[in-house]
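Read the structure below first, then the notes.
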Amino acid sequence: MINPKLYSLLKVAETGGFTRAAEQLSLTQPAVSQHIHSLESELNVKIFDRCGNELHVTHEGETVIKYAKRMLALYHNLERDLESDKNQIRFLTVGITHTAESNPIAEALAKYVNSRDGVTIKIITDTISNLYDMLKNYELDFAIVEGRLNDPSLKHLMLDTDCLVLAVSPNHRLAKQSMVTIEQLKKEKMILRLPDSNTRNLFVSSLESQNMLISDFNVVLEINNIATIKDLIRRDFGVSVLAKSSCLDELSKKKIAVLPIENLSMIREINIVYPQDFEHLQILRDIVRAYNETRGTFGVKSK
C-alpha cells in the first residue's frame, strides 16, 4: 500500500546521498533518483538542493519528509494492530526521557508487561523535543515526559510530580545538611546534564529567576547519561542537580544523598502524553497503577 518512492525519500534523507540510499535499498542509483524526481514533480516542490557533493533538505522538503514519516508510521501501526487483533497480542511503542530511564517508570512498564500475557512494549529513549516529534508522527503510542506541552493535538495524564535536588555522595560534607545555599553550591564542582535536557533547562530557568547565570557556577563536566553522573557523584568527583525520582534506588540503598537548594523551587509534573485518537486509555490507567506500586518498593508514598 505504501508507495516505494517514500522509502527512497526517507533513505536519501537519512544517508545524505542517492548512492548510499540505493545500496541500502538494494536499488540502482538511477531508480532512487527517479523516485525523488517523481515526488518533486507530483508535489511541485524541490525536496533536495545539491551543494557540491552534499545534499541539503529544502524547507519544503522538510515538510514532505515529516509527512512521509507519518504515513509510514501509520501504515506500520495498521499492520501491527491487525496482527494484534489476529493473535490477541498488543504491541506498544513508548517513548521515555533519559531521566525516566533512571526512575521507577521503566520498572513500572516492565511490571505492567509481566502482568499481561502477550503484551510487548518497545521503549525508545530520547530528548523531550524528539519524543514529541515522534508522537506527532505516530511513531510512538505514548510518551512519558517531564513537564507539559501546550499542543491541542496531544492529551496529558499526570503520572506524578517531581523536583530537582542537589545530589551528593553520602560522604560529602554537605550530605548532613537539610539544605544547601547558593553560595555553598558555587564552591562545588558540578556535573550537569547537557544543555538540551529538560532537567538542565529547569535548573537554568530557576537560576535566572533569581538573577543568576549557569556561568556563575563551577561546571566541570556535562554528561547526558544519568547513570554515569550518579556513579561519579558516588565516587566524589562532584555534585549534580538531578530529578529526585532518578535517585530513588540510590537513596534507598544510601548510595547518594539529596537536599534542596535554598530559594530554588524546581517542581515539575511527570505526564503520560498521547495523541488525541489513542483509544486504549485503560492501558494508561493500568500503567499508572503499576507505577504507584513500583514507587512503593522504593519507600516512596503513592500520590
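The values are calculated or read from the model by the stated rules, or taken from the named source; none is laboratory data. Given the structure is predicted, the values throughout are model-derived calculations rather than measurements. Positions of Cβ are generated from backbone atoms using ideal geometry, with glycine treated the same way; all protein chains shown enter the neighbour counts. These area figures cover heavy atoms from the full protein model, side chains too; ligands, DNA and RNA do not enter into them. Shrake-Rupley method; radii C 1.70, N 1.55, O 1.52, S 1.80 Å.
You will find that of E40, E23, the residue that is more than 30 Å from F142 (Cβ to Cβ), open to solvent by less than 40 Å² (accessible area, probe 1.4 Å) and of a type in the set (D, E) is E40 and no other.
What do you reckon, is D286 modelled with pLDDT of 90 or more, more than 19 Å from the chain's Cα centre (by Cα) and outside any strand (DSSP E or B)? When the stated conditions are applied, D286 passes them. Applying the criterion of at least 3 residues that are open to solvent by 20 Å² or more (accessible area, probe 1.4 Å) and in contact (Cβ under 8 Å) with a residue 12 or more places away in the chain to the strands (runs of 3 or more DSSP E) found wholly in the range 141-193 leaves 154-168.
Taken as a whole, the condition of being free of Cβ contacts under 8 Å to residues at least 40 places away in the same chain, farther than 28 Å from N114 by Cβ and within 20 Å of the chain's Cα centre (by Cα) does not apply to N211. Given the criteria open to solvent by less than 30 Å² (accessible area, probe 1.4 Å) and at pLDDT below 90, does E83 qualify? It is false that E83 is open to solvent by less than 30 Å² (accessible area, probe 1.4 Å) and at pLDDT below 90.
Once the range 218-238 is narrowed to residues that are β-branched (V, I, T) and either crowded, with 23+ Cβ neighbours inside 10 Å or over 19 Å from R173 (Cβ atoms) (or both), the residue that is nearest to the chain's Cα centre (by Cα) is I226. Scanning the range 46-68 for residues that are open to solvent by less than 40 Å² (accessible area, probe 1.4 Å), β-branched (V, I, T) and not in a helix (DSSP H, G or I) yields I47, T58. If you scan the range 126-140, which residues turn out to be assigned to a helix (DSSP H, G or I) and either in contact with a Ser or Thr (Cβ under 9 Å, 6 or more places away or on another chain) or small (G, A, S) (or both)? Answer for the range 126-140, where residues must be assigned to a helix (DSSP H, G or I) and either in contact with a Ser or Thr (Cβ under 9 Å, 6 or more places away or on another chain) or small (G, A, S) (or both): I128, S129, L131, M134, L135, K136.
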